[in-house]
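The values are calculated or read from the model by the stated rules, or taken from the named source; none is laboratory data. Please read all numbers here as calculations on a predicted model, not as lab measurements. FYI the Cβ positions are ideal-geometry reconstructions off the backbone, even for glycines, and counts take in every protein chain you see. Note: accessible area is taken over every heavy atom of the protein model, side chains too, but ligands, DNA and RNA are not part of it. Shrake-Rupley method; radii C 1.70, N 1.55, O 1.52, S 1.80 Å.
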Amino acid sequence: MIRTLPSFQRLTFTSVARMYIHIGQAQVISPRTGYISSIDSMEIGLVGVLLGAGRKTVEEPVDFSAGIRFRKKAGACVRRGDVLAEAYTERDGVLENYAVQRVLEAFQFSDVEVGDLPLLITNFVTKNGVEEFDQSTLADI
């Protein structure tokens, strides 16, 4: 399901004054109740390019107001109608035609609770050598 809504982009001119400019926004809605078992990051990256958040060649401009904001992450319990993500772009027709559907198709669902997901970040390389990553810093996300 796709919901297209008006949205606003914030441009900061000073730390106090802000101006809002209208851009396109669409919500990606969960079609079912269950658990998010995975999200296809390659597909999300390709959709980001379609929205203008990335580029195919060095010469192409990047639209810094475009992108995908996730409201749910892998492993989360969702209900039908929950907002999974929001897509933003200033490109005409991209949201209505295919981008939001492709974001939705990147989500895989399960009827049973997903166990612990594999760690993506386990260590950091610093000037002092390799240090273990403290996973507790992600607890508030």
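Given a cut-off of 19 Å, what percent of all Cα-Cα pairs of the range 37-141 lie beyond it?
So the portion of pairs separated by more than 19 Å is 57 percent.
Among 123-131, 31-39, 47-55, what's the highest-first ranking by average C-beta atoms within 10 angstrom per residue? Mind dumping the intermediate values first?
Details: 123-131: 8.3, 31-39: 15.9, 47-55: 19.0.
Answer by packing, highest mean first, reads 47-55, 31-39, 123-131.
Residues of the range 28-141: accessible area per residue at 1.4 Å, in Å²?
Working: 7560 Å² over 114 residues.
Normalised by residue count, the accessible surface of the range 28-141 is 66 Å².
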